[in-house]
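**Student:** Here you go, one structure.
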Amino acid sequence: MQVPAAYVNLLKGPDLLPLGLLNQRLRHTIASFPSSYQILPTYACLTDREAAVDVWSDESWVSSERRPLLRDAREFRREFAAHSIVPAVCIFGYGVPTVTSAVVQRDPRGAFVTADFVASDSGDGTIPANSAVLTLAEIHPVHQHHGSLYNEQRREDAAEDRAHAVMEIACGKVSALLGRRWRFCKSLHPQTIMTFRKSMSA
């Protein structure tokens, strides 16, 4: 997961309370969380009006006391494989305005002074679709907000449960005709299971 919107919290604050109340205090608190840096994109999504900013090698944008957190996050990201090494499905949202990039202005020391964030409908309101896809993994895009994706998973689980129930009934009938136990059907090709699953969720 790579979240360009994490820069909003780090550079401007979350604006959770009316009139910006306690916003700077919240921003400083969020900046002390290791996860705030671990979810920063590894691809270029910031520019300083001249060129892309490599936030991982150029540490000048982070205050000196927070730079160890950035370095730890860099090592954290390096431990991830570049692609899926086990069967996986990436469930992600799209069609909701989502921060995807930003243009920043820097002071002579390199610190970010201002940031103009750019949003598009290519995400779920928090994570852009391209940040949620793992190479070699299956994908399941959903026109949904980030906070509601778990509902989609529940629907998927319910559809799978119904599919398995239908398979048990169908296999029971087949095994009765063949005089065999129905459990042999559990070895059916996954594509067969998927066909049942799609028919049940349609």
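**Student:** Let me confirm something: among Ser101, Ser60, which residue is surrounded by 12 or more Cβ atoms within 10 Å (Cβ to Cβ) and touching a residue at least 60 places away in the same chain (Cβ under 8 Å)?
**Tutor:** Ser101
**Student:** Quickly run through the range 11-57 and pick out the residues that are of a type in the set (A, V, I, L, M) and either outside the structural domain of His83 (by TED's automatic domain parsing) or in contact with a strand residue (DSSP E or B) (Cβ under 9 Å, 6 or more places away or on another chain) (or both).
**Tutor:** Leu11, Ala44, Leu46, Ala52, Val53, Val55
**Student:** Looking at the range 1-46 only, could you name the residues that are among the aliphatic types (A, V, I, L, M) and outside any helix (DSSP H, G or I)?
**Tutor:** Within the range 1-46, Met1, Val3, Ala5, Leu16, Leu17, Leu21, Leu22, Ala31, Ile39, Leu40, Ala44, Leu46 meet the criteria.
**Student:** While we're here: Please report, ordered by residue number, the strands (runs of 3 or more DSSP E) entirely within the range 47-140 with at least 2 residues that are more than 15 Å from Ala5 (Cβ to Cβ) and within 17 Å of the chain's Cα centre (by Cα).
**Tutor:** So the answer is 89-93.
**Student:** Is it true that Ser36 is crowded, with 20+ Cβ neighbours inside 10 Å and either touching a residue at least 40 places away in the same chain (Cβ under 8 Å) or among the hydroxyl-bearing types (Ser, Thr, Tyr) (or both)?
**Tutor:** Against the criterion (crowded, with 20+ Cβ neighbours inside 10 Å and either touching a residue at least 40 places away in the same chain (Cβ under 8 Å) or among the hydroxyl-bearing types (Ser, Thr, Tyr) (or both)), Ser36 qualifies.
The values are calculated or read from the model by the stated rules, or taken from the named source; none is laboratory data. This is a predicted model, so every value here is computed, not measured. Please note: Cβ atoms are built from the backbone with ideal geometry, for glycine as well, and neighbour counts cover all protein chains shown.
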